[in-house]
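Enquirer: Could you have a look at this structure, given as structure tokens, before my questions?
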């Protein structure tokens, strides 16, 4: 049992002595977080926001987790983690409401600038110029995504980076990113999402890699309306995970913990103990937090009273973690009931005040734009025979529950349509204003899909390949091998991994001999786990490394396409330039060996990964130039090497580690005057042969 000193100002636990004032402040922070959830739901129901999802019922466990979090650590979590973010001081209640309203101002809403739905958290790893901040001086949160479980693949790399920073001596000097690997990657996930395949793939990968991750499973027994009975075998995720538990004296496996989500002292003890071992020994851990509740149901989309029994609802009221912590505080005599009531009253008013300030900060600029447009509509109406219709247009614009820029554009369009047959000079002012706002909105909502900094892949200087009389003719894979050798020698941050990449040197020998030269941590084999190979790369890149992640064949990329599309391709955009993950995904295809070695997914890929560069070089020299370009750039990319090119002869450039190939610049292989043939990759050689055939019949093809 925790011991309270005689003066009631200290609480002694096994791992820590807490000041009573700290405990009271913890409760107040959790109480404010709950009020933010309650008020947030009301804002949605009142029409001021479109949708809300909140972290009610998980507050106390997150207070405890925050006590184990250190500067330099990273979070990969999901939309229930608001209390953790508040406790770390990296997200404020004002920012919480700004995101709920989708305030498209990075100063007001620094996580996503209104580009994600609410409760999607992120810290800003980058300076405004796109350069890295000193991550070891920050509490870091990788940017959340909505698809449940998608935080797990990224967690693999965020954790594994610490092992690399600890065990690769050449990385020790990079103190901007790591203090010799002493950082933990904290993952959070809901109980129902543990049924996802990527959860198990990530758990397995973290265990194999001995990566210092501390994973919290928030278990409230439900996934929306579906209980654990239908989510996991035996209805208990801890039982399923028991096979991952490490044996005494072994470093293989996980430390497993189970703790009640309303027991504040036990939670603090558990997290401090678990984090101490993870940080020191690089043994991952899982904390299964049980007996949590969901006092507001899953989200604003419905009520949990529709699917939970009366008995369950009553139990949730009795075991609400805030209620239990409050009872414990009063039982311990830390504070008098009337004192606590006064604090709660103050905190309710505080959260309301912050909500109102956040709303006004969001709404005022849009109202001002509405007023500007209303005045222009009035000026047009004064000369129009459709004045009554225009007045209704204006009234509709002002009548929306929440001021939206969409309503402004609708009003402008309706005004111009209504007066289409009238020559009114004042219309030009409205048209011009609309054009200007469209340009502003393009930046406001569409910027940073790709890097806009000096590190943009489009800004890498072009250096031509250089040849001499002594430049040897080699097979294609040897060109790549020389390129990768130069990259690994040049930059210790370059890390390559994938199926058969290490000992074998990849199935086409691009990394032949490089594991022996640079070590198993720089050139590594992985299991057959495409989703977490890419996830591993995302996490490593977010921590300042330069990963080359190999997917053995293009058609297997579909296993990883979801995480590329939802996470990697969007990270720079969804943080409005606050985070980046310069990952190179390497694969090969287009040999036309049956339907699963044919490269058939190309049309889908190029549409699903907007935000990444998709490159298909025609030979291995072009491929090497692309790698050299991308290793200097901020952008993520997919490179698809041509399978038939590995055994063809090419001349090896003298500057194999230096020359670059620009992105998006067409290359003219043959001049012609009659017809232009546009192609890429494996088809280039075929088209060149076709051009010679066409020449014989009098057609000069370019």
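Enquirer: Quick one: work out the % antiparallel among DSSP beta bridges in the chain, nearest 5.
Expert: Of those bridges, close to 20 percent are antiparallel.
Enquirer: Moving on. For volume of the Cα convex hull per residue in Å³, several values are listed as [x] 200; [y] 220; [z] 134; flag the one computed from this structure.
Expert: Given [x] 200; [y] 220; [z] 134, the calculated one carries the label [x].
Enquirer: What number, in percent, do you get for the relative contact order of the chain if the mean sequence gap of Cα pairs under 8 Å and at least 6 apart is divided by its residue count?
Expert: In percent, rounded to a whole number, it is 13.
Enquirer: Apply the Debye scattering formula to segment 457-651, with a single equal point scatterer on each alpha-carbon and no solvent, then give log10 I(q)/I(0) at q = 0.09, 0.14, 0.15, 0.16 Å⁻¹.
Expert: Listed by q, the Debye log ratios stand at -0.30, -0.76, -0.88, -1.01.
Enquirer: Could you pull the Cα extents of segment 3-335 along its three principal axes, largest to smallest, in whole Å?
Expert: Rounded to whole Å, the extents work out to 57, 48, 48 Å.
Enquirer: Moving to a separate point now. Using only DSSP helix segments of four residues or longer, with each worth -39500 (n - 2.57), what per-residue ellipticity at 222 nm results for the chain after dividing by its residue count and rounding to 500?
Expert: It comes out at -13500 deg cm²/dmol, rounded to the nearest 500.
Enquirer: Given q = 0.20, 0.21 Å⁻¹, what are the Debye log10 I(q)/I(0) values for segment 49-124, with equal point scatterers placed on the Cα positions and solvent ignored?
Expert: -0.82, -0.90
Enquirer: What is segment 3-335's relative contact order, in percent, from Cα pairs under 8 angstrom and six or more apart in sequence?
Expert: 19 percent
Enquirer: Follow-up. Counting only DSSP beta bridges with both residues in segment 457-651, what percent are antiparallel, rounded to the nearest 5?
Expert: That works out to approximately 10 percent antiparallel.
Enquirer: Could you compute Rg(Cα) / (2.2 N^0.38 Å) for segment 294-374, with N its residue count?
Expert: Normalised by 2.2 N^0.38 Å, the Cα Rg of segment 294-374 equals 1.70.
Enquirer: What is the distance in Å between the Cα centres of segment 629-702 and segment 94-126?
Expert: With segment 629-702 and segment 94-126 each reduced to a Cα centre, they are spaced 43 Å.
Enquirer: Distances longer than 23 Å among the Cα atoms of segment 400-547: what percent of all pairs is that?
Expert: 62 percent
Enquirer: Now a separate question. Tell me the Kirkwood hydrodynamic radius of segment 18-88 in angstroms, computed as one over the mean inverse distance between distinct C-alpha pairs.
Expert: When all Cα pairs of segment 18-88 are included, the Kirkwood radius is 13.1 Å.
Enquirer: Here is a further query. If the viscosity is 0.692 mPa s and the temperature 37 °C, what translational diffusion coefficient in µm²/s does Stokes-Einstein give for segment 471-511 when Rh comes from Kirkwood over Cα pairs?
Expert: Answer from the Stokes-Einstein relation: 302 µm²/s.
Enquirer: Please sort 668-677, 611-620 by packing, taking for each peptide the average over its residues of neighbouring beta carbons within 10 angstrom, highest first.
Expert: Highest to lowest by the protection proxy: 611-620, 668-677.
Enquirer: Please list 157-167, 479-489 highest first by mean number of surrounding beta-carbon atoms within 10 Å per residue.
Expert: 157-167, 479-489
Enquirer: Just the number, please: percent antiparallel of the DSSP beta bridges in segment 3-335, rounded to the nearest 5.
Expert: Beta bridges within segment 3-335, antiparallel portion: roughly 25 percent.
Enquirer: Rounded to whole Å, give me the distance from the Cα center of segment 479-546 to that of segment 185-254.
Expert: What the calculation gives is 28 Å, centre to centre.
Enquirer: Another question about this same structure. Mind pulling the per residue volume of the convex hull built on the Cα atoms of segment 1-135? Å³ is fine.
Expert: About 123 Å³ per residue, rounded to a whole number.
Computed from the coordinates by the stated procedures, all read-outs in this text should not be read as laboratory data. Being a predicted model, the structure only gives us computed values, none of them experimental. Positions of Cβ are generated from backbone atoms using ideal geometry, with glycine treated the same way; all protein chains shown enter the neighbour counts.
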